[in-house]
Amino acid sequence: MDGERIAFLFPGQGSQYVGMSRELHDGWPAAREVFEEAGDSLGQDMARTCFSATREELNQTANTQPAILTASIAALRVLQREIGIRPVMMAGHSLGEYSALVAAGVLRFRDAVRIVRARGEFMQTAVPLGQGTMAAVLGMKTPELEDVCRQATDPDANRIVEPANYNCPGQVVISGHVPAIEDAASLARKRGASRVLKLPVSAPFHCSLMEPAAQRLADQFASVPVTEPEIPVISNVDAQPNYAPDKTRDLLVRQVSNAVRWEESMALIIREGITRIVEIGPGRVLAGLMKRINRRTSTANIETPADLSALAQALQ
């Protein structure tokens, strides 16, 4: 479509499923090359991880993160080959920011896949298993939920809970110690939250409890080359595009223990006149969030051959 302004979005942890990107892998050499490059970089058969692992194995954070990155970049390569559209902006939710940075030429894929596996390991071990969790709070205004988190937090008693993902109006994920999450959930319900859903995660991501993981990740980045983006990528930390290579490492390290400001990031995309977002990789979470943020923005997903055909037709 003439005048179409497109943004690419990349999903994060939670969108994975056994079999993701298999049709693209089997149908396009460009996708298979991505899986092979991941395997060479990690010494791990990523095709087996994505297509044949048990759900429990795939859901291990150290496997999930490189698997989603690989599936997303495989889908991107096929999209570029078959349709060749060029976005004016990109963003990724949490882990998905790495996919966006690879797509923008900021990180090499073989480096990114190693980093995110280490990131997954660091995040999993930052808090002892069973001590931290996350929950989605629905139907509550953000300032009120932030106040609830403050009330439920007592650092001296190892009871910390903080907003972790500002996803869309009426949907914020909180993260922290299990007892603090339980207290915050109870307070949120009393103050009008429509639902509080405990998430099936094994660690409290994107809160201050992840600071040990952030410190270890900084060491991993020390020798990783970072270049200027070919296309602007919005950072999760400040909901702004970053153009400075020197700042990229710092933003990715801070991202581990800071909230994902997704609603603000999508608001920026809307202000920039984006007319269509294309979610590249497994799942449709981000397209669903955009529909709750701004229904006038067209959405598409790329994870199967049928998706490619549908997008090509929509762009005619």
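All conditions but one from (1) within 24 Å of Phe8 (Cβ to Cβ); (2) in a loop (DSSP other than H, G, I, E, B); (3) not β-branched (Val, Ile, Thr) apply to Gln44; the one that does not is (1). Please work out which residue is surrounded by the most Cβ atoms within 10 Å (Cβ to Cβ), limiting yourself to segment 248-275 and to residues that are more than 19 Å from the chain's Cα centre (by Cα) and charged (D, E, K, R). Of everything passing the filter in segment 248-275, Glu272 is surrounded by the most Cβ atoms within 10 Å (Cβ to Cβ).
Quick check on Ala287: is it more than 15 Å from Gln80 (Cα to Cα), modelled with pLDDT under 95, among the aliphatic types (A, V, I, L, M) and in contact with a strand residue (DSSP E or B) (Cβ under 7 Å, 6 or more places away or on another chain)? In short, no. Pairs meeting the criteria (first residue in segment 113-138 and more than 20 Å from Asn258 (Cβ to Cβ), second residue basic (Lys, Arg), beta carbons under 8 Å, at least 6 apart or on different chains) are Leu138/Arg195.
List the residue pairs whose Cβ atoms are under 6 Å apart, where the first residue sits in segment 145-166 and is more than 17 Å from Thr133 (Cβ to Cβ), the second is outside any strand (DSSP E or B) and among the acidic types (Asp, Glu), and the two are 6 or more positions apart or on different chains. These pairs meet every condition: Tyr166/Glu263. Scan segment 139-184 for residues that are assigned to a loop (DSSP other than H, G, I, E, B) and closer than 23 Å to Asn236 by Cβ and the total you get is 6.
Could you please find all residues in segment 229-256 being β-branched (Val, Ile, Thr) and part of a loop (DSSP other than H, G, I, E, B)? Outline the logic, then answer.
Keep residues of segment 229-256 that are β-branched (Val, Ile, Thr), which gives 231, 233-234, 237, 248, 253, 256.
Within segment 229-256, Ile231, Val237 qualify.
Scanning segment 225-247 for residues that are in contact with a strand residue (DSSP E or B) (Cβ under 6 Å, 6 or more places away or on another chain) and farther than 23 Å from Ile85 by Cα yields one hit, Asn236.
Going by the structure shown, is Arg191 surrounded by fewer than 19 Cβ atoms within 10 Å (Cβ to Cβ), touching a strand residue (DSSP E or B) at 6+ places or on another chain (Cβ under 7 Å) and over 18 Å from Leu95 (Cα atoms)? Even if it seems obvious, please write down each step before you answer.
Details: surrounded by fewer than 19 Cβ atoms within 10 Å (Cβ to Cβ): yes; touching a strand residue (DSSP E or B) at 6+ places or on another chain (Cβ under 7 Å): no; over 18 Å from Leu95 (Cα atoms): yes.
For Arg191, the condition - surrounded by fewer than 19 Cβ atoms within 10 Å (Cβ to Cβ), touching a strand residue (DSSP E or B) at 6+ places or on another chain (Cβ under 7 Å) and over 18 Å from Leu95 (Cα atoms) - is not met.
How many residues, within segment 146-188, are of a type outside the set (A, V, I, L, M, F, W, C) and in contact with a strand residue (DSSP E or B) (Cβ under 8 Å, 6 or more places away or on another chain)?
Total satisfying the criteria: 16.
Only helices (runs of 4 or more DSSP H) whose full extent lies in segment 47-113 are considered here, and the ones with at least 2 residues that are crowded, with 17+ Cβ neighbours inside 10 Å and among the aliphatic types (A, V, I, L, M) are 61-82, 96-103.
Among the residues of segment 186-228, the ones that are more than 28 Å from Pro241 (Cβ to Cβ), charged (D, E, K, R) and part of a helix (DSSP H, G or I) come to 2 in all.
The values are calculated or read from the model by the stated rules, or taken from the named source; none is laboratory data. Note that this is a predicted model, so its numbers are computed, not measured. For neighbour counting, all protein chains shown are included, and Cβ atoms are generated from backbone atoms with ideal geometry for every residue, glycine included.
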